[in-house]
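Here the structure is laid out as structure tokens; the discussion comes afterwards.
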Amino acid sequence: MRTQEFSPSDRVSPVPGSRVLLTGAAGFVGSHLTDRFLAAGCEVIGVDNLSTGRLCNLEHLSGEPRFQFREHDVVDPLTVDGPLDWVLHFASPASPPKYLERPIETMRVSGEGTHRLLELARAKGAQFFLASTSEVYGDPSVHPQPESYWGYVNSVGPRSVYDEAKRYAEAMAMSYERSGHVSVRVIRIFNTYGPRMDPEDGRVVTNFVMQALEGRPLTVYGDGSQTRSLQYVDDLVEGVLRMMRADWCGPVNLGNPEEYTVGQIAELIAELTGSESHVVYEPLPQDDPRQRKPDITLAKQRLGWEPRVSARDGLRKTIEYFRRYASVPVATGSGA
Ligand code: NAD
Ligand code: UDP
């Protein structure tokens, strides 16, 4: 895939002056969205309980008059002064080890949290945007996954705390849409990575990059033949903005169809970091999906969107970010 990023003239913007409430603002994706909204002239109220997010993702915004941060759990009642144009719900642990550590909180943020935020949107006459996930497809038997596929989820397995909670959130959002109470948008995000991920969040890109930079073995779970499709965060942010502009509730897949085995991801990261780390094989977590790749036909047709950043280019930028956390000098390896 050739990288030709969205140029400023290609990019869409939310309406300048919009007042946006964004949950999960201190997280990886939320902090990038916050930057983009502010750059477009919006006012942003960022809400986050800092359970998996980090204030350092927002520290560059201190003194920004159009941004206010509220440390708050969205499961609890939330009052907001003044009007709102959008309520965007991005709060939820997203890394499997993190949501498995917090099973009840994960169910509640997408269950009660989604309900509360839909009611807030209704009271304010705002539109509602839900960050759902490719995990609604579970361990898919249809490949690649179109939005019309209903998924294959183990409702009593450990991952169900995330998968089923997001499925419930989608159902809740769609019921408000159908009843005419709130105009909603639902996106299904596929594995997304980039700067500002928590280096200790346990996801595949962060684990492999940190292990490679620190000269530790790369921990491949299972035999590494399971696949994932990696999306760079800037592409996701552009997709979110386009979906906000669309006169359509979705759901729509936002992901990069470039598909790799986990073993190939390990090799690519080792090459790009110039690391000599070797691979060690560890047990495959229960219900780990065997394959994942988005069918993005709908996103292309309805949003005029497709990802622009290759895994190679996105990973290079991500590795530069993580070098700050690793105690190693810049590698001189071929790819870095
Ligand atoms: P993240 O963990 O970096 O961000 C999530 C944020 O939500 C964190 O800042 C966390 O503190 C906050 N949060 C969690 N529970 C909360 C609560 N009850 N009240 C207030 N704040 C709360 O993860 P991310 O990768 O940025 O994911 C953002 C959203 O995108 C999540 O909803 C996730 O499910 C969705 N998503 C992400 C991916 C991905 O690959 N990054 C894929 C699919 C879906
Ligand atoms: N994985 C791995 N080693 C790691 C972390 C993850 O092999 O150190 C695998 C994991 O088993 C899964 C894939 O990489 O098959 C993606 O895992 P991640 O936790 O990033 O997200 P998921 O797509 O499973 O939600």
Which residues, taken from segment 192-206, are in contact with a strand residue (DSSP E or B) (Cβ under 6 Å, 6 or more places away or on another chain) and over 17 Å from residue 289 (Cβ atoms)? 194
Residue list for segment 200-216, filter: within 14 Å of residue 269 (Cα to Cα) and within 10 Å of ligand 2 (Cβ to nearest atom): 203, 204, 205, 206, 207, 208, 210, 211
Residue pairs meeting the criteria (Cβ under 7 Å; at least 6 apart or on separate chains; first of a type in the set (Val, Ile, Thr), in segment 289-301; second outside any loop (DSSP other than H, G, I, E, B)): 296/253
Given the conditions (1) surrounded by fewer than 22 Cβ atoms within 10 Å (Cβ to Cβ); (2) under 28 Å from residue 105 (Cα atoms), and given that residue 180 satisfies all but one, which numbered condition is not satisfied? (2)
Output the number of the condition that residue 103 fails; it satisfies all remaining conditions of (1) within 16 Å of residue 135 (Cα to Cα); (2) without any contact (Cβ under 8 Å) to a residue 12 or more places away in the chain. (2)
Do you know which residues across segment 73-88 are more than 7 Å from ligand 1 (Cβ to nearest atom) and under 19 Å from the mean Cα position of the chain (by Cα)? 86, 87, 88
Taking the condition hydrophobic (A, V, I, L, M, F, W, C), touching a residue at least 24 places away in the same chain (Cβ under 8 Å) and within 17 Å of residue 204 (Cβ to Cβ), does residue 284 pass? yes
Of all residues in segment 232-252, how many are closer than 20 Å to residue 170 by Cβ and either touching a Leu at 6+ places or on another chain (Cβ under 7 Å) or in a helix (DSSP H, G or I) (or both)? 8
Can you name every residue in segment 183-209 that is more than 9 Å from ligand 1 (Cβ to nearest atom), outside any helix (DSSP H, G or I) and among the hydroxyl-bearing types (Ser, Thr, Tyr)? 183
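FYI, it's all coordinate maths here, none of it is from the lab. Worth saying up front: this structure is predicted, and the values here are computed from it rather than measured. Don't worry about glycine lacking a Cβ; one is built from the backbone with ideal geometry, like all the others, and counts go over all protein chains shown.
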